[in-house]
Amino acid sequence: MRARYSPEAEAYREKVQAFLAEHLPAGWRGVGRLDVAAVPGFVDGWRRILYEHGYLAPGWPRAYGGGGLSAVEQVVLAEELTRAGVPAGGANDLFGIQMLGNTLLNWGTEAQKRHYLPRALSGEDTWCQGYSEPNAGSDLGSLGCRAVLDGDQWVINGQKVWTSQGHLADHIFLLTRTNPAVPKHRGITFLLVDMRQPGVEVRPIRMISGDAEFNEVYFTDATCPRDAVVGGVDNGWSVAMTLLGYERGEAAATLPLRFRTELDRLLAMARDRGVADDPVVRQRLARCYVKVEVMRYLGLRTLTLVLAGHQPGPDGAISKLYWSEYHREVTELGVAVLGAAALTPSGRPPSSAIHSDDPGAPNSSAWWSTAFLHARAETIYSGTSEIQRNILGEMVLGLPKEPRGELRSWGEDQRRSGPAGT
Ligand SMILES: Cc1cc2nc3c(=O)[nH]c(=O)nc-3n(C[C@H](O)[C@H](O)[C@H](O)COP(=O)(O)OP(=O)(O)OC[C@H]3O[C@@H](n4cnc5c(N)ncnc54)[C@H](O)[C@@H]3O)c2cc1C
């Protein structure tokens, strides 16, 4: 099979390459070449350039500040940004643009689209995701953060956890319990909340890598306006699922490129450390190579379906499951190739826990051992591997559903389980 783009797409690729040549420094080899401390400053400046050229939300309609690009142009742009080793946006854009922005295009009122979308693009509002709670992760429908309507505003009380980049955000999209008397997946409302108020407290959580990129967020009589609801009161579950589609639908075309570059670095490190001829290492390297190739073909298949008009759905779980399991495997091999050196990490670490493949990064022991730790989280966030397998079994393969027990209201569930901790 030979995958080829149309001549129009290739002409667009040349345009993007010319843009990159004009705006990146001479001799640029990827963000991983920068000192870690210099990365946030570079990303801020680069984000501004993308914004000014309409490349931050290339698929959104121009009326909301997007680039209005066709699907194939978006893919070509994403590929070229990846090849150049530059991000497609800033630290919180995954939440504000990819997740919330796309969800608002589906579910938002015209007023919400006109207000929130341009502000997410300009960076005036920065967003984080308030879904998970101490007792609601995989079983998200059990969430208990309460919102009660009081006159013209919602009053919010409860806790969220694992809120990535919450310390950098000033807004949070929040799943709240608004009706405890109906079955638990109903009675949930999706709210847009300004975090700059006394009732919102953000507490960082230190990770095993030593970084603190996610947080607990506490709400004590926090408020948001009555009309800050997306998709209707008690209808938040459907909105939440639309958003998860955008969260899990990882870039089919770009992930294999990123992982191939990372694998090439591992091959170089295996040679440098004299273990490339070790039969066990060779076999593990070959297995990783095959997996990246399979990912590439999987990506091409997804791309072909999307270009033919298919909307990503539960089959997005194939990609999430495959890339996150692969990344654990390849980073374990990286640590094995390093041997004892992995226990005394030195040199440049990855610049972020999310997408820690850092194009252009050096083969330091700190890089591989930290990426190894970050990869443990990748099979958990956006839904664990077990949950992805359940989705694939039940919703893609049509296998029998796992037993779910009696359908009770959230309030009844709370009464039966008794006070927390029992
Ligand atoms: C790095 C990182 C960043 C995150 N960022 C955010 C964020 O920004 N916002 C946010 O809201 N959340 C975020 N999360 C939370 C993430 O979505 C949850 O951790 C995840 O959904 C799992 O929930 P849990 O941690 O409560 O584990 P649990 O749901 O308690 O699961 C524990 C174990 O049981 C297994 N399990 C649970 N149910 C089933 C089942 N039905 N069948 C088979 N196995 C099952 C799971 O697979 C897992 O192995 C983040 C998590 C991580 C690690």
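The values are calculated or read from the model by the stated rules, or taken from the named source; none is laboratory data. Remember, it's a predicted structure, so these values are computed and weren't measured experimentally. Please note: Cβ atoms are built from the backbone with ideal geometry, for glycine as well, and neighbour counts cover all protein chains shown. To get the accessible areas, we keep the full protein, side chains included, count just its heavy atoms, and leave off ligands, DNA and RNA. Shrake-Rupley method; radii C 1.70, N 1.55, O 1.52, S 1.80 Å.
Key figures
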{"item": "Ratio of the Cα radius of gyration of the stretch 1-158 to 2.2 N^0.38 Å, where N counts its residues", "result": "1.27"}
{"item": "Extent along principal axes [Cα atoms of the stretch 245-349; Å; largest to smallest]", "result": "49, 25, 18"}
{"item": "Extension gain, Ala3 back to His310 (0.36 nm per residue minus Cα-Cα distance, nm)", "result": "108.7 nm"}
{"item": "Extension gain, Leu20 back to Ala71 (0.36 nm per residue minus Cα-Cα distance, nm)", "result": "16.4 nm"}
{"item": "Cβ-derived FRET efficiency at R0 41 Å, Leu399 paired with His167, nearest 0.05", "result": "0.50"}
{"item": "From phi via Karplus (6.51, -1.76, 1.60), per-residue ³J(HN,Hα) for the stretch 394-401 in Hz, x at Gly/Pro", "result": "7, 9, 9, 8, x, 6, x, 6"}
{"item": "Residue among Pro400, Leu140, Pro40 farthest towards the positive dipole end of the chain, charges placed on Cβ", "result": "Pro400"}
{"item": "Residue-level accessible surface for Leu397, protein heavy atoms, 1.4 Å, Å²", "result": "120 Å²"}
{"item": "Top of Ala286, Ala371, Ala169 by mean-square fluctuation, Gaussian network on the chain, Cα under 10 Å", "result": "Ala286"}
{"item": "Linear extension gain, Ser409 paired with Asp139, 0.36 nm per residue minus alpha-carbon span", "result": "95.8 nm"}
{"item": "Förster radius 25 Å - calculated FRET efficiency between Leu149 and Arg196, Cβ distance, rounded to 0.05", "result": "0.70"}
{"item": "Tail beyond 20 Å, pair distance distribution of the stretch 278-421 (Cα, percent)", "result": "63 percent"}
{"item": "Taking the chain and dividing mean pair separation by its residue count, relative contact order in percent (alpha carbons under 8 Å, at least six apart)", "result": "15 percent"}
{"item": "Distance from the stretch 313-378 to the stretch 138-185 (C-alpha centre basis), Å", "result": "32 Å"}
{"item": "Summed side-chain charge close to Asp278 - residues other than Asp278 whose Cβ falls under 13 Å, Lys, Arg +1, Asp, Glu -1", "result": "+3"}
{"item": "Asp277-Arg203 pseudo-label distance in nm [points 7 Å out on the Cα-to-Cβ vector]", "result": "5.7 nm"}
{"item": "Largest to smallest accessible area among Thr302, Thr370 [probe 1.4 Å]", "result": "Thr302, Thr370"}
{"item": "Euclidean distance of C-alpha centroids, the stretch 254-278 and the stretch 25-61, integer Å", "result": "25 Å"}
{"item": "Charge tally in the Cβ shell below 13 Å around Gly137, where Lys, Arg are +1 and Asp, Glu are -1, Gly137 excluded", "result": "-2"}
{"item": "Spacing of the two label points (7 Å from each Cα toward its C-beta) at Gln112 and Ala268, in nm", "result": "4.6 nm"}
{"item": "Spin-label pair Thr384/Ala212, simplified geometry with 7 Å Cα→Cβ offset, distance in nm", "result": "2.6 nm"}
{"item": "Mean projection area, nm², convex hull over Cα of the stretch 116-170", "result": "5.0 nm²"}
{"item": "Net charge of Cβ neighbours under 13 Å - reference Ile188; Lys, Arg +1; Asp, Glu -1", "result": "+1"}
{"item": "Surface accessible to a 1.4 Å probe, His115 within the full protein complex, Å²", "result": "90 Å²"}
{"item": "In Hz, Karplus ³J(HN,Hα) per residue of the stretch 188-196 (6.51, -1.76, 1.60; θ = phi - 60°; x = Gly, Pro)", "result": "10, 10, 8, 10, 10, 10, 7, 7, 7"}
{"item": "Proportion of all alpha-carbon pairs of the chain beyond 30 Å (%)", "result": "46 percent"}
{"item": "Cα-only radius of gyration and Dmax that characterise the stretch 205-254, units Å", "result": "16.3, 44"}
{"item": "Efficiency of FRET between Ala11 and Ala286 - r from beta-carbon atoms, R0 35 angstrom, step 0.05", "result": "0.40"}
